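These notes are about the structure you will find just below.
The values are calculated or read from the model by the stated rules, or taken from the named source; none is laboratory data. Since we're looking at a predicted model, the values are computed, not measured. Surface accessibility is based on the protein's heavy atoms, side chains included, excluding ligands, DNA and RNA. Shrake-Rupley method; radii C 1.70, N 1.55, O 1.52, S 1.80 Å.
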Amino acid sequence: MNVHGALQREIGSALDLLASRRPLDDVSVHVFRQGLKRARAALRLLRDAVSDAAYARENASLRDAARPFAPARDACVMLALVDDMLRAGKMRQYRPALSRLREQLRKSHARRMAAARADRSIARARRLLEQSLRRAAHWRLPRDARSVYLGGLRRIYERGQRQLEAARAGGSASTLHEWRKQVKYLTAAVTLLAARKPERARSYRLAVDVAKQLGDDHDLATLAAALRRIRAAPGLIAKLEQRRRKLQKRALKRGRRVYELPPERFARGWEKIYP
C-alpha cells in the first residue's frame, strides 16, 4: 500500500465533499470526518518520513479542518440514541424525560448543522485541506517505505498502550475517549497496510470491538450529562451508568489483549502481510 497516496486521496475526497453542490447532511458530515480520521492515521504511519514540524503542521490542519463539523455529528448521534431508547419497551417510564431531551437535541442539531453548512466553516476547512494537500504532494519517501510504515505502526501501538494504562488508572470519560481515538488510529493504520483482510487477525477484531464498546460508552456518558443538565430521570441516569460500567469492563479486558505485546514485536508481526 502506498500510504502517501492514501493520505492524498483521503484529503482529496474530503475536498470533493465540500465542493459538492448538495448541502451537507448527516451522512456527508460523517463521511467527511471518517475520511479525515483515516488521513490522520496515514499521517501517523508516515511519521518517520517527515520532520517534526511538518508532522505537527499537517496533523493540526487535518484536526482543525474536521473540528467545525464535530458538533453536528455529535448531535446526530445523540438524537439516534434517544430515538432508539424511546422505541424500547423497557424505557416506557422514562418517555417524558427522553421526549423533553429529544426536543432540545433536535433544536441543537439544527443549529449545529447550520453552523457546519455556513460558508465560513466550509471555506476554512477547504483552505486548510488544500494547503495540506499541496504540501504533502511534495514529500519524498524512500522507494521501499516499509521501515517507515513499521515505525509509524509501532508509534501508534505504543501510544495506545499508554492511553490504555491511563484509562485503567483513571477511567474518566475523557481518558476513555482519548484511548478510543488511539484504538481507532490503530485499526485504520492496519487496514491501510494489510495486503489481505485484516479481519483474519485476532488483534484487529479485538481492537474493532474495543473501539465499539468505548464509542457506546462515550455516547452514554454524553447522554447522561445531558439528562443531568435538565435535572431529569435519575433512575434512567443510574441505568446508563450501570451500562457504562459493563462496557468499560469489557473494553478494558479486551484492550489488554490488544495491547499485550511490546510495540516492536507487534509491528513486526504485521510485516508479513504487508504488500
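Figures for the structure shown
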item: Axial C-alpha extent at least 15 Å, average Kyte-Doolittle at least 0.5 - helices from the chain (DSSP); result: 3-19, 70-87
item: Prolate/oblate/rounded label for the chain (Cα gyration tensor, a/c 1.5); result: oblate
item: Mean accessible surface per residue for the stretch 45-164, computed with a 1.4 Å probe while every protein chain stays in place, in Å²; result: 55
item: Solvent-accessible area, 1.4 Å probe, carbon plus sulfur percent, for the chain; result: 48
